[in-house]
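Trainee: Dropping a structure here in structure tokens format, bear with me for questions.
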Amino acid sequence: MNYKKRILVTGGAGFIGSHVIRLMVHKYPEYLIVNLDKLTYAGNLENLKDVEHLSNYRFVKGDITDASFMKQVFEDHDITDVIHLAAESHVDRSIEGPMDFVMTNVVGTVNLLQCARDKWEGSKDHVFHHVSTDEVYGSLGETGLFEETTPYDPRSPYSASKASSDHFVNAFYHTYGLPVKLSNCSNNYGSHQFPEKLIPLMINNILNEKPLPVYGNGANIRDWLWVVDHASAIDVIFHKGRIGESYNVGGLNEWTNLNLVHYLCDLMDQKLGREKGASRKLITFVTDRKGHDMRYAIDASKIESELGWTPSITFEEGLDKTVDWYLNNRAWVESITSGEYTEYYKNMYDER
């Protein structure tokens with residue numbers, strides 16, 4: 001078939017990537033969507049069982065740090081565009097071993113940029129959309145919001161690696177004219193998220209009546225974005241965003257970690273028919289993370305005013321849908337939490 005676009009989505013078997021692919025293959029049957037994933041612990045093809053039969057979907061297993069392999073992928077599938085989501089993303093693991101993050105997030109990104117530059121040979125009729133994080137901006141005080149013009153101030157090896165990748169993307173735009181777009185998102189939540197992240201970890205632990213580890217005093221503040229809304233924002237930026245521009249994507253709400261855990265406890269007690277307040281008794285305060293950023297909050301006015309994107313549901317509505325998904329898909333959770341990884345990091349999680 002002569003596809004209008006042939007889009008490489010890196011990290012497509014992961015949490016955010018699987019939602020992006022699901023949206024794209026259904027919404028754009030005239031596009032070929034090529035999912036490239038290394039299938040580390042966080043990548044799971046079960047996330048895409050519902051689309052693997054579609055004719056405009058392909059899966060390729062591979063590592064973005066392998067330059068010659070990636071060049072072959074671009075040639076074999078005649079890639080016209082890239083949505084780059086593949087990344088190491090667990091902050092605690094970056095503190096213990098930063099080199100994996102340098103390799104995947106920095107070297108891997110530069111490999112992709114070079115492949116795109118070589119393949120497209122100066123043509124402007126392409127898009128390299130790099131998906132990044134608000135953590136590159138560092139930490140906010142009690143007031144203020146991250147804007148696209150906020151200076152970068154990464155505080156962890158993870159955020160430093162993502163900041164570096166952002167800079168390389170911009171450098172390829174300014175130096176070589178590569179048609180790039182960037183987006184920096186706040187904390188994502190929703191279905192199919194690996195339970196090393198705060199919300200699915202807490203849901204799973206509440207369900208199994210295990211301790212609920214809260215860093216420090218739980219006062220750290222995060223802005224939460226439903227992953228389905230993030231996928232729609234990526235779609236809008238990819239198609240309508242301006243070349244060379246960055247767009248911040250946020251959920252337009254802020255919660256302290258402790259208030260969020262309290263809300264999840266009460267919501268789960270209601271859904272599981274437990275006595276009110278039962279799950280709150282599982283909360284345990286653990287030693288705070290090194291370099292733990294105090295507050296993140298996104299100013300998403302640019303993507304709203306320029307591209308017309310806003311979140312489609314409230315955080316409470318999104319949490320209700322998310323909890324229901326995990327309760328209705330316990331086999332999925334059990335299958336990916338049976339290894340030693342989850343046990344090792346049972347008191348370590350990302351609020352993203």
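Trainee: Could you check how many residues of segment 236-273 are part of a loop (DSSP other than H, G, I, E, B) and in contact with an Asp or Glu (Cβ under 9 Å, 6 or more places away or on another chain)?
Mentor: The total comes to 7.
Trainee: Scan segment 160-177 and tell me whether some residue there is modelled with pLDDT of 95 or more and assigned to a loop (DSSP other than H, G, I, E, B). Please lay out each step first, then the result.
Mentor: Restricting attention to segment 160-177, the residues satisfying the condition of being modelled with pLDDT of 95 or more are 160-177.
Of the ones still in play, those that are also assigned to a loop (DSSP other than H, G, I, E, B) are 177.
Scanning segment 160-177 turns up at least one residue that is modelled with pLDDT of 95 or more and assigned to a loop (DSSP other than H, G, I, E, B).
Trainee: Okay, next question. As an exercise: evaluate residue 136 against (1) under 30 Å from residue 221 (Cα atoms); (2) over 16 Å from the mean Cα position of the chain (by Cα); (3) in contact (Cβ under 8 Å) with a residue 12 or more places away in the chain and give the number of the one condition it does not meet.
Mentor: (2)
Trainee: Follow-up question, since we're still on this one. Within segment 186-204, can you find the residues that are assigned to a loop (DSSP other than H, G, I, E, B), buried (at least 23 other Cβ atoms within 10 Å of the Cβ) and hydroxyl-bearing (Ser, Thr, Tyr)?
Mentor: Answer for segment 186-204, where residues must be assigned to a loop (DSSP other than H, G, I, E, B), buried (at least 23 other Cβ atoms within 10 Å of the Cβ) and hydroxyl-bearing (Ser, Thr, Tyr): just 186.
Trainee: Could you list, in sequence order, the residues of segment 12-48 that are in contact (Cβ under 8 Å) with a residue 40 or more places away in the chain and within 19 Å of residue 76 (Cβ to Cβ)?
Mentor: 12, 13, 32, 34, 36, 37, 38, listed by residue number.
Trainee: Same structure, new question: Which numbered condition in (1) within 17 Å of the chain's Cα centre (by Cα); (2) surrounded by 22 or more Cβ atoms within 10 Å (Cβ to Cβ) is the only one that residue 113 fails?
Mentor: The one condition residue 113 does not meet is (1).
Trainee: Ok, one more. Output the residues belonging to segment 225-239 that are buried (at least 19 other Cβ atoms within 10 Å of the Cβ) and charged (D, E, K, R).
Mentor: Across segment 225-239, the qualifying residue is only 229.
Trainee: Let me ask you something else. Condition check: in contact with a Leu (Cβ under 9 Å, 6 or more places away or on another chain), at pLDDT 95 or above and not in a helix (DSSP H, G or I). Does residue 183 satisfy that?
Mentor: For residue 183, the condition - in contact with a Leu (Cβ under 9 Å, 6 or more places away or on another chain), at pLDDT 95 or above and not in a helix (DSSP H, G or I) - is not met.
Trainee: On to the next question. Looking at 242, 280, 222, which is the one that is of a type in the set (Lys, Arg), buried (at least 18 other Cβ atoms within 10 Å of the Cβ) and touching a strand residue (DSSP E or B) at 6+ places or on another chain (Cβ under 9 Å)?
Mentor: Of 242, 280, 222, the one residue that is of a type in the set (Lys, Arg), buried (at least 18 other Cβ atoms within 10 Å of the Cβ) and touching a strand residue (DSSP E or B) at 6+ places or on another chain (Cβ under 9 Å) is 222.
Trainee: Condition first: closer than 20 Å to residue 128 by Cβ, of a type in the set (Asp, Glu) and in the same structural domain as residue 236 (by TED's automatic domain parsing). Can you find one or more residues in segment 64-73 that meet it?
Mentor: Going through segment 64-73, the residues closer than 20 Å to residue 128 by Cβ turn out to be 64-73.
Applying the additional criterion that residues be of a type in the set (Asp, Glu) yields 66.
Remaining after also requiring in the same structural domain as residue 236 (by TED's automatic domain parsing): 66.
Yes, the conditions are met somewhere in segment 64-73.
Trainee: To continue, here is another question. Checking residue 207 against (1) surrounded by fewer than 20 Cβ atoms within 10 Å (Cβ to Cβ); (2) in the same structural domain as residue 23 (by TED's automatic domain parsing); (3) aliphatic (A, V, I, L, M), which test does it fail?
Mentor: (2)
Trainee: Filtering segment 124-148 down to residues that are small (Gly, Ala, Ser) and modelled with pLDDT under 90, which residue is surrounded by the fewest Cβ atoms within 10 Å (Cβ to Cβ)?
Mentor: Result: 141.
Trainee: Right, another one. Name every residue in segment 76-103 that is within 19 Å of residue 12 (Cβ to Cβ) and without any contact (Cβ under 8 Å) to a residue 60 or more places away in the chain, in order of residue number.
Mentor: 76 - this is the single residue of segment 76-103 that is within 19 Å of residue 12 (Cβ to Cβ) and without any contact (Cβ under 8 Å) to a residue 60 or more places away in the chain.
Trainee: Right, another one. Out of all the residues in segment 302-322, is one or more of a type in the set (S, T, N, Q), closer than 30 Å to residue 50 by Cα, in contact with a strand residue (DSSP E or B) (Cβ under 7 Å, 6 or more places away or on another chain) and not in a loop (DSSP other than H, G, I, E, B)?
Mentor: Yes, segment 302-322 has at least one match.
The values are calculated or read from the model by the stated rules, or taken from the named source; none is laboratory data. Bear in mind the structure is a predicted one, so any value in this text is a computation, not a measurement. Glycine gets a Cβ as well: all are built from the backbone with ideal geometry, and neighbour counts include every protein chain shown.
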